[in-house]
Structures are given as C-alpha cells and as structure tokens.
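Notes to accompany the following structure.
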Amino acid sequence: MLPPFELDDELKQLTYIAGVDEVGRGPLAGAVVAAAVILDSEKEISGLMDSKKLSEKKRDILFVEIKEKAIAWSVGRAEVEEIDDINILHASLLAMQRAVNNLSVKPQHALIDGNRCPQLECPSTAVVKGDDRVKVIAAASIIAKVTRDREMIELDEMYPGYGLAKHKGYPTKAHIAALTELGVSPIHRRSFAPVKRCLA
C-alpha cells in the first residue's frame, strides 16, 4: 500500500486544488470520461477512496454528496472517434484537460491521477495511484466512474445484446462473444485489437 500523498507547504496554502481522474481506458466501447473536483475544506465528506474499491451503492451516495458539497466539479470526455484517432492515452489526457477547463472555478493547481499530466492553464502534479492516496482525486474518480457507468447503461438500451450495462464495455468473454456474433457497433473502438479482429 502506498503512503498518502503529502502536499508540500506551498500547495497547503492554496484554496482551489482540483483532483482529476479518468475512467474507461480499458473498455472496447464507449467514451473515456474524466472528472475534475475542487473540494471545500469546510465540508467533510467521509469514505472517499478509489471508486473501484467502493460498492455501486456507496459510489452513488458519494456521487450525490460530492456534487452537493464541492466548490466545483465537472466532467470532460473523449469520444470513440477521438480515441481511435489519437489513441487512448492521448484521449484520456484530452478528457482530463476538458474536465479541468469545464470547472466553474479556476483551480490554482491540479493533482492528476497517474504518471502524466494533461496540458493545463494551471500548474499540475501527477500522483501515481492518486485515487488511493489523495481525497480530491478519489472524489474525481467517483464522479467519473458513476457518470460513465450510467452512460453505459443507457447505451445498452440503444445497442442491446452486447451486455454493456453489465460489463460497462470492458473486454469480458461475454462481450467478445457478442462482438463476434453481432458485429461491431458505432460505439465500439475500432483501434482496439478485439474489435479490429472482428472487423477483419
């Protein structure tokens, strides 16, 4: 387990620190979704941790609480066409950049989950496993995950048969079997190997 990320003295003086995280790098279908959150130090939110470690019920509760108590929050995305065009890494960075740009309050600094920062107007720091080590990044991971999961449930109704509501687009055996049987839908990422194989 990694130790909590310690803010240096300079960052501790700042009021508007955004946490930024993305969800959806691994799936074969759907957009990559990022969120940026600026928490209010006066309003405690308990139970913030990496969204993947929370139950769906707990995520849904925190999703509402974060939106109510945060100074600002926003979502950014990169669509399937962009993922295929510029690759998933650059699409993830683009989604994070858009999330930060969409914030109603300009952050003084951004803490980014991972080992690379998108190009931002404010200074930023990459924090490896940040969704586990920094509360404000954990908050962003929850907003991003709940937003994307709900989108995949909607897409499941538009593109039935793939099981999107269940696996959220990830490359499960059932998803790959459905791809082989039904073919590639408009929301599948054509640059990803299992999809590419079906097209061939």
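The values are calculated or read from the model by the stated rules, or taken from the named source; none is laboratory data. Only a predicted model underlies this, so the values are computations on that prediction, with no experimental measurement involved. Cβ coordinates were reconstructed from backbone atoms using ideal geometry, including for glycine residues, and neighbour counts include every protein chain displayed.
Residue by residue through segment 1-58, note down the ones that are in a strand (DSSP E or B) and either among the aliphatic types (A, V, I, L, M) or surrounded by fewer than 24 Cβ atoms within 10 Å (Cβ to Cβ) (or both). Of everything in segment 1-58, those that are in a strand (DSSP E or B) and either among the aliphatic types (A, V, I, L, M) or surrounded by fewer than 24 Cβ atoms within 10 Å (Cβ to Cβ) (or both) turn out to be I17, A18, V20, V23, A29, V32, V33, A34, A35, A36, V37, I38. Consider segment 14-24 and keep the residues that are within 16 Å of K106 (Cβ to Cβ) and not hydroxyl-bearing (S, T, Y). The one that is modelled with the lowest pLDDT is L14.
Would you confirm whether or not segment 31-48 contains a residue that is more than 16 Å from A139 (Cα to Cα) and within 15 Å of the chain's Cα centre (by Cα)? Yes: one or more hits.
Mind checking whether some residue in segment 160-167 is among the basic types (K, R) and over 25 Å from I45 (Cβ atoms)? Within segment 160-167 (the criterion being among the basic types (K, R) and over 25 Å from I45 (Cβ atoms)), the answer is yes, since at least one residue qualifies.
Scan segment 103-146 for residues that are under 12 Å from I17 (Cα atoms), part of a helix (DSSP H, G or I) and more than 11 Å from the chain's Cα centre (by Cα) and the total you get is 2.
Restricting attention to segment 86-99, does a residue exist that is farther than 29 Å from V195 by Cβ, polar (S, T, N, Q), surrounded by fewer than 14 Cβ atoms within 10 Å (Cβ to Cβ) and under 18 Å from the mean Cα position of the chain (by Cα)? No, every residue in segment 86-99 fails to be farther than 29 Å from V195 by Cβ, polar (S, T, N, Q), surrounded by fewer than 14 Cβ atoms within 10 Å (Cβ to Cβ) and under 18 Å from the mean Cα position of the chain (by Cα).
Here's the yes/no breakdown for (1) at pLDDT below 95; (2) closer than 12 Å to T147 by Cα; (3) touching a strand residue (DSSP E or B) at 6+ places or on another chain (Cβ under 9 Å):
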{"residue": "K12", "(1), (2), (3)": "yes, no, no"}
{"residue": "P27", "(1), (2), (3)": "no, no, no"}
{"residue": "V32", "(1), (2), (3)": "no, yes, yes"}
{"residue": "E42", "(1), (2), (3)": "no, no, no"}
{"residue": "K57", "(1), (2), (3)": "no, no, no"}
{"residue": "A72", "(1), (2), (3)": "no, no, yes"}
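For segment 61-76, a residue qualifies if it is β-branched (V, I, T) and either closer than 22 Å to R25 by Cβ or in a strand (DSSP E or B) (or both), and the qualifying residues are I66, V75. For beta carbons closer than 7 Å, sequence separation of 6+ or different chains, a first residue in segment 132-161 that is closer than 13 Å to S51 by Cβ and a second that is part of a helix (DSSP H, G or I) and of a type in the set (G, A, S), the qualifying pairs are I137/G130; S141/S51; I142/S51; K145/S51.
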